[in-house]
Amino acid sequence: MDGHRNVTDLLVRRAEKAPHHAAFDVATGDGTWRQVSTVRFLGEVRRLAKGFIAAGVAPGDALAIMASTRYEWAVTDLAAWFAGAVVVPVYETSSPVQVAGIVTDAGVVLGVGGTETQTRRLADAFAETGAGRLGAYAMDRADRVAGGIRTLDDLRSLADDVTDADLERHRTAADLDAPATIVYTSGTTGEPKGAVLTHRNFLGQVLNIAAAYGEVVHEKGNTIIFLPLAHVLARGLQLICLANGMRIAHLSEPSTVVETLSVLRP
């Protein structure tokens, strides 16, 4: 791990090495898929990160993500880290009581939901607990959510107010031993409990698995992720693939996996 500041270095270095390599297959909504290059993904991450910073996210702040498995989850996850935030995943199946408990315990300042329903659940938890002083935003476009719900496009519109130098200061604020994420258990013994994982934890996993399983994880391969990205296994896999050029496709519905296998041939 020598020479790595934090997890964000994985994306920066991959973009420097192979900027135009296809990093993601993204569903278009009409049954087809489009490819997103590493450099384009980095650009989307940087712009959203600037939006987070402009909205008031400071290094070390907790940022919640509650959404199904989708490309925008990956963008939001990395953008939060570029802004210096600590990511707090929330399962989309979580009850209002669980969501309220998590955002309070983690001290969440801003939330990102996938759909209108998920965003409202975060907003309701914020209103109930006093957390989330910077509000809740939806991944879905404005034409797919009700009026009054802000979207990630609203944050992206603020990006020009943040300089590249400001973004770099936020991106490099966390060192290897700083918290990267707080993952809450399913609560098998009482209330869900937050497990703090550091940037060193993630980097150690990514670098070691890449070294041990090079015949599986490589830039000529591709994979489909349909596990919930709120689960750390899916996020760890995503980082491993992203850092090593293995193309990623996301599916929010496990029932569509079999039919997609013949299309993407992972």
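The values are calculated or read from the model by the stated rules, or taken from the named source; none is laboratory data. These numbers were taken from a predicted model, which means no experiment stands behind them. In this analysis, Cβ positions are derived from the backbone assuming ideal geometry, glycine residues included, and neighbour counts consider all displayed protein chains. With ligands, DNA and RNA removed, areas are computed over all heavy atoms of the protein, side chains included. Shrake-Rupley method; radii C 1.70, N 1.55, O 1.52, S 1.80 Å.
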| Got a number for the accessible area of Ser255? Probe 1.4 Å, square angstrom, nearest 10. | 100 Å²
| request: Using only Cα atoms, locate the centre of the stretch 195-212 and the centre of the stretch 9-33, then give the distance between them in Å, rounded to an integer. | output: 21 Å
| Dipole size in debye (nearest 20) for the chain around its Cα centre, Lys and Arg Cβ +1, Asp and Glu Cβ -1? | 380 debye
| the stretch 68-107: C-alpha pair distances exceeding 14 Å, % | 55 percent
| query | Whole number please: convex hull volume per residue of the Cα set in the stretch 1-78, in Å³? | reply | 122 Å³
| Share of pairwise Cα separations in the stretch 60-146, more than 20 Å, in percent | 24 percent
| remark: Projected onto the charge dipole of the stretch 12-78 (unit charges on the beta-carbon of Lys, Arg, Asp and Glu, signs +1, +1, -1, -1), the Cα from Ala22, Val57, Trp73 with the largest positive-side position is that of Ala22
| Label-point separation (nm) for Leu264 and His231, each offset 7 Å from Cα along Cα-to-Cβ? | 1.5 nm
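Over every pair of different alpha-carbon atoms in the stretch 56-210, take the mean of 1/r and invert it; report that Kirkwood radius in Å. Could you put the intermediate results ahead of the total?
Numbers: mean 1/r = 0.0628 Å⁻¹.
Here the Kirkwood hydrodynamic radius works out to 15.9 Å.
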| query | Shape call for the stretch 211-266 from the C-alpha gyration tensor, a ≥ b ≥ c root eigenvalues: rounded (a/c under 1.5), prolate (a/b greater than b/c) or oblate? | reply | oblate
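Hull surface divided by four, with the convex hull built on the Cα atoms of the chain: how many nm²? Please list the in-between numbers first.
On the way: hull surface 55.9 nm².
Mean projected area of the Cα convex hull: 14.0 nm².
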| query | Heavy-atom accessible area per residue, the chain, 1.4 Å probe: how many Å²? | reply | 44 Å²
| task | Please work out how much length the chain gains when fully extended from Gln35 to Arg150, using 0.36 nm per residue of separation minus the C-alpha to C-alpha distance, in nm with one decimal. | result | 38.7 nm
| remark: Along principal axes, largest first, the alpha-carbon spread of the stretch 93-143 in whole Å comes out as 32, 23, 14
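Expected output is a single nm value to one decimal: the length gained when fully extending between Val257 and Glu128, i.e. 0.36 nm times separation in residues minus the C-alpha distance. What is it?
Details: separation 129, 0.36 × 129 = 46.44 nm, distance 3.74 nm.
Residue separation times 0.36 nm, minus the Cα-Cα distance, leaves 42.7 nm.
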| Expressed as a whole percentage, what fraction of the accessible surface of the chain belongs to carbon and sulfur atoms when a 1.4 Å probe is rolled over the protein heavy atoms? | 51 percent
